[in-house]
1. If only one of His27, His37 is out of contact with any Cys (no Cβ under 6 Å at 6 or more places or on another chain) and not hydrophobic (A, V, I, L, M, F, W, C), which one is it?
2. Any chance you could count how many residues in segment 35-75 are touching a strand residue (DSSP E or B) at 6+ places or on another chain (Cβ under 7 Å) and either in a helix (DSSP H, G or I) or surrounded by 15 or more Cβ atoms within 10 Å (Cβ to Cβ) (or both)?
3. In segment 1-34, how many are of a type in the set (Ser, Thr, Tyr) and either under 22 Å from Ser64 (Cα atoms) or not in a strand (DSSP E or B) (or both)?
4. Quick test for you: out of Ser2, Ser17, pick the one residue that is surrounded by fewer than 18 Cβ atoms within 10 Å (Cβ to Cβ), of a type in the set (Gly, Ala, Ser), modelled with pLDDT under 95 and out of contact with any Pro (no Cβ under 9 Å at 6 or more places or on another chain).
Amino acid sequence: MSELAKMGADASCDEDSITIHGGRPLHGARIDPHNDHRIAMAFAIAGLAVGDQTIEDEACVAKSFPDFWSCLAVF
């Protein structure tokens, strides 16, 4: 949730879901994936839409998709 808030999202969560409430423009941010490859990859994709996104500890994607950054560079 904190990483979504950094992008300007108004979001809430419960036991098994996250709801992002519309109406607020999103923007790029410095994202800490907390060593979770899924967060790094998801926020990298979000960064394609908003621009100016920075992913800290980008090497954490190597545990599941070592070529992720080179594949993403195509876009």
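The values are calculated or read from the model by the stated rules, or taken from the named source; none is laboratory data. Just so you know, these numbers come straight off a predicted model, no measurement behind them. Neighbour counts are summed over all protein chains in view; Cβ atoms, including those assigned to glycine, are modelled from backbone coordinates with ideal geometry.
1. Details: His37 fails: out of contact with any Cys (no Cβ under 6 Å at 6 or more places or on another chain).
Just one listed residue meets the conditions, His27.
2. Within segment 35-75, the subset touching a strand residue (DSSP E or B) at 6+ places or on another chain (Cβ under 7 Å) is 40, 43-44, 53-56.
Adding the requirement that they be either in a helix (DSSP H, G or I) or surrounded by 15 or more Cβ atoms within 10 Å (Cβ to Cβ) (or both) leaves 40, 43-44, 53, 55.
Qualifying residue count, segment 35-75: 5.
3. In the first step, residues of segment 1-34 are kept if they are of a type in the set (Ser, Thr, Tyr); the result is 2, 12, 17, 19.
In the following step, the residues that additionally are either under 22 Å from Ser64 (Cα atoms) or not in a strand (DSSP E or B) (or both) were identified as 2, 17.
Here the count works out to 2.
4. Details: Ser17 fails: modelled with pLDDT under 95.
Checking each option against the conditions leaves just Ser2.
Yes/no matrix, rows are residues, columns are (1) over 10 Å from the mean Cα position of the chain (by Cα); (2) among the β-branched types (Val, Ile, Thr):
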residue: Ile18; (1), (2): yes, yes
residue: Gly23; (1), (2): yes, no
residue: Ala29; (1), (2): no, no
residue: Asp32; (1), (2): no, no
residue: Arg38; (1), (2): no, no
residue: Asp52; (1), (2): yes, no
residue: Glu56; (1), (2): yes, no
residue: Pro66; (1), (2): yes, no
